[in-house]
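Colleague: This structure is in structure tokens; I'll ask about it shortly.
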Amino acid sequence: MRIVVLAGGIGGARFLRGLKAAAPDADITVIGNTGDDIHLFGLKVCPDLDTVMYTLGGGINEEQGWGRTDETFQVKDELKAYGVGPDWFGLGDRDFATHIVRTQMLGAGYPLSAVTEALCERWQPGVRLLPMTDDRVETHVAVDLDGERRAVHFQEYWVRLRASVDALAVVPVGAEQSKPAPGVLEALAEADVVLFPPSNPVVSIGTILAVPGIREAIAEAGVPVVGLSPIVGGAPVRGMADKMLSAIGVETAAAAVAEHYGSGLLDGWLVDSADSGAVAEVEAAGIRCRAVPLMMTDLDATAAMAREALALAEEVRA
Ligand code: GDP
Ligand code: CA
């Protein structure tokens, strides 16, 4: 079975680990969000691609959910001693090596998709990891800072400002001019099922869908598209999805996220058992819905979620 998964960082990566356990023989292609990418110290950093790669490759800091295990921060301290910033973004020494290799290859003319493939040679994530695009797309968030409206990079909003102010708008800058990376449309055309893990619906999956051609390719694939709600009991399990949803005028509720994707895109939607009251509303919107446990507490629980998603896909296919 060929499964295509649209993924952000932590939520996407953890779900993928469960999916691999639930479907060990499946051929899995991941279309990763690159809207979070940022240039720091002259280096290209791709937080979501790296989180997927490290998580599936066994190099992730488990407690944190991002960055490398057994990390040290000597380079960061040295940069700080020179007064070179920004100091709000945590880059560890081991992690730096990834960004150096990536930047060197990009500088030599390789597209991000080829660079990602090369990095995965080392990590062997057990999935085919594709960036959504080789073009530069950067998610910016409009905020009101001291009475002045400003657009900041998503990382600045999330990491430096800690999402402490409201997001007034979210813009994937460059998305309109971007093209899907090589392999993305082909993977969707050959897919048997498409899954949306519990990833951020605005700044992860929303950004991937903003690349012209991807949304259309999913719809045209004519295969079941099933998503898992990142919103449980009216709140994100972690992160700032509520702030992002408010910015685009969507209520922070499992049913509202399904309706935001819409029945034109989504065939099935899993909500957490705590949200069983939302099932009827989602089904009324023309999307098949089930309430099951959706907390990725450990690998078994996450694999069970993946099995439920695949079962719902078969149900809508029938
Ligand atoms: P990011 O790039 O690291 O923000 O990761 P993602 O885009 O993949 O999304 C994180 C989303 O996953 C957030 O909206 C969380 O609410 C959601 N999430 C994290 N852990 C869980 C979980 O155990 N269960 C569910 N249902 N959602 C989760
Ligand atoms: Ca992210």
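No lab work stands behind these numbers, since they all come straight from the coordinates. Computed from a predicted model, the values in this text were never measured in an experiment. Positions of Cβ are backbone-derived with ideal geometry, glycine not excepted, and every protein chain shown enters the neighbour counts.
Colleague: Pick from Val223, Val184, Val75: which is most flexible by mean-square fluctuation in a GNM of the chain where alpha carbon atoms under 10 Å apart are linked?
Modeller: Val75
Colleague: With labels modelled as points extended 7 Å from the Cα through the Cβ direction, what inter-label distance (nm, one decimal) is found for Arg128 paired with Phe89?
Modeller: Using points 7 Å along Cα→Cβ, the separation is 3.0 nm.
Colleague: Quick check on the chain: what does the Kirkwood estimate of hydrodynamic radius come out to from the alpha carbon pairs, in Å?
Modeller: 19.8
Colleague: Then there is this: Would you list, by chain and number, the lysines whose Cα falls below 29 Å from the Cα of Lys20, excluding same-chain residues fewer than 8 positions away?
Modeller: Within reach: Lys44, Lys179.
Colleague: Ok, one more. Calculate I(q)/I(0) for the range 237-291 by the Debye formula, one identical point scatterer on each C-alpha and no solvent, and give its log10 at q = 0.16, 0.17 Å⁻¹ to two decimals.
Modeller: Rounded to two decimals, the profile gives -0.45, -0.51.
Colleague: Excluding Ala142 itself, calculate the net charge of residues whose Cβ lies under 9 Å from the Cβ of Ala142, where each Lys or Arg counts +1 and each Asp or Glu counts -1.
Modeller: Values: positive: Arg149, Arg150; negative: Asp144.
Once positives and negatives cancel, what remains is +1.
Colleague: Next up: Add -39500 (n - 2.57) for each DSSP H run of 4 or more in the chain, then divide by its residues: what number comes out at 222 nm, to the nearest 500 deg cm²/dmol? All intermediate terms of the calculation are to be shown ahead of the outcome.
Modeller: Working: 12 runs with 119 residues, N = 318.
Rounded to the nearest 500, the figure is -11000 deg cm²/dmol.
Colleague: Could you work out the local net charge near Ile231, counting Lys and Arg as +1, Asp and Glu as -1, over the other residues with Cβ closer than 10 Å to its Cβ?
Modeller: Working: positive: none; negative: Asp242, Glu251, Asp272, Asp275.
In short, -4.
Colleague: Just to confirm a number: summing +1 for Lys and Arg and -1 for Asp and Glu over residues other than Tyr157 whose beta-carbon lies under 14 angstrom from that of Tyr157, what do you get?
Modeller: Result for the neighbourhood of Tyr157: -1.
Colleague: For the chain, set up a GNM with springs between Cα atoms under 10 Å and report which of Ala26, Ala284, Ala163 has the largest fluctuation.
Modeller: Checking each option, the largest mean-square fluctuation is seen for Ala284.
Colleague: Turning to a different aspect of this structure: When the label point is put 7 Å from the Cα of Ala97 along its Cα-to-beta-carbon vector, which residues of the range 116-144 have a backbone N closer than 11 Å?
Modeller: none
Colleague: So, one more: Take each of the peptides 224-237, 194-207, average the number of other beta-carbon atoms within 10 Å over its residues, and list them starting from the highest.
Modeller: Working: 224-237: 21.2, 194-207: 27.4.
Packing proxy ranking, top to bottom: 194-207, 224-237.
Colleague: What is the calculated FRET efficiency for Ala274 to Glu315, with r their C-beta to C-beta distance and R₀ = 22 Å, to the nearest 0.05? Write down the numbers at each step before the final one.
Modeller: Details: r = 22 Å, r/R0 = 1.00.
Efficiency computed from Cβ-Cβ geometry: 0.50.
Colleague: Cut-off 10 angstrom, C-alpha nodes, Gaussian network model of the chain. Which of Gly35, Gly286, Gly67 fluctuates the most?
Modeller: Comparing Gly35, Gly286, Gly67 in a Gaussian network model of the chain, the most mobile one is Gly286.
Colleague: Tell me, in nm to one decimal, what length is gained between Ala81 and Ala219 on full extension, where the rule is 0.36 nm per residue of separation less the Cα-Cα distance? It would help to have the intermediate numbers written out before the result.
Modeller: Working: separation 138, 0.36 × 138 = 49.68 nm, distance 5.19 nm.
So the extension gain works out to 44.5 nm.
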